[in-house]
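The values are calculated or read from the model by the stated rules, or taken from the named source; none is laboratory data. For clarity, every value in this text was computed on a predicted model and none was experimentally measured. Cβ placement follows ideal geometry from the backbone for every residue including glycine, while neighbour counts extend to all protein chains displayed. Ligands, DNA and RNA are stripped out before the accessible areas are found, and what is left, the full protein with its side chains, is counted by its heavy atoms. Shrake-Rupley method; radii C 1.70, N 1.55, O 1.52, S 1.80 Å.
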Amino acid sequence: MRKLKLIWDFKGPDAQKTAAHHLIHLDEYVKDNKVVSLATGTEQINDNHFIAFLALEELFMPAVRDTLKPHRGQLWQPSN
């Protein structure tokens with residue numbers, strides 16, 4: 001089964017704080033809805049662009065996508 005990374009983009013001077021706050025809600029959603037998460041987190045793209053993400057198996061993606069409406073997604077390749 002493919003592993004996917006659902007991504008929410010945040011840009012601007014408050015992007016880091018907004019992404020960190022969004023991560024709190026992602027973690028709550030995962031816990032409350034018993035979603036099998038591979039990882040959640042934030043990443044810095046550049047000084048004014050941060051993301052919050054949720055990695056999961058493709059099986060769980062449609063329900064999460066329809067509820068949380070990520071901005072984009074990609075195949076997830078965890079770093080070792």
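Length gained on full extension, residue 9 to residue 24: 3.9 nm, using 0.36 nm per residue less the C-alpha separation. Using the 1.4 Å probe convention, the accessible area of the chain works out to 66 Å² per residue with neighbouring protein chains retained. So, taking all protein chains as they sit and a 1.4 Å probe, how much accessible area belongs to residue 47, in Å² rounded to tens? Approximately 130 Å² for this residue.
Taking every C-alpha pair closer than 8 Å and separated by at least 6 residues, the mean separation divided by the residue count of the chain gives a relative contact order of 46 percent.
Evaluated over the Cα positions of the chain, the convex hull gives a direction-averaged projected area, one quarter of its surface, of 5.2 nm². Among the chymotrypsin sites (Phe, Trp or Tyr not before Pro) found in segment 1-59, not one is both in a DSSP coil and sparsely packed, with 12 or fewer other Cβ atoms within 10 Å of its Cβ.
So which trypsin sites (Lys or Arg not before Pro) in segment 20-72 pass both tests, a DSSP loop state and at most 16 other Cβ atoms within 10 Å of the Cβ? Taking segment 20-72 and a limit of 16 other Cβ atoms within 10 Å, the loop trypsin sites (Lys or Arg not before Pro) found are 34. Residue 73 sits among other residues whose Cβ lies under 13 Å from its own Cβ, and their net charge, with Lys and Arg +1 and Asp and Glu -1, is +2.
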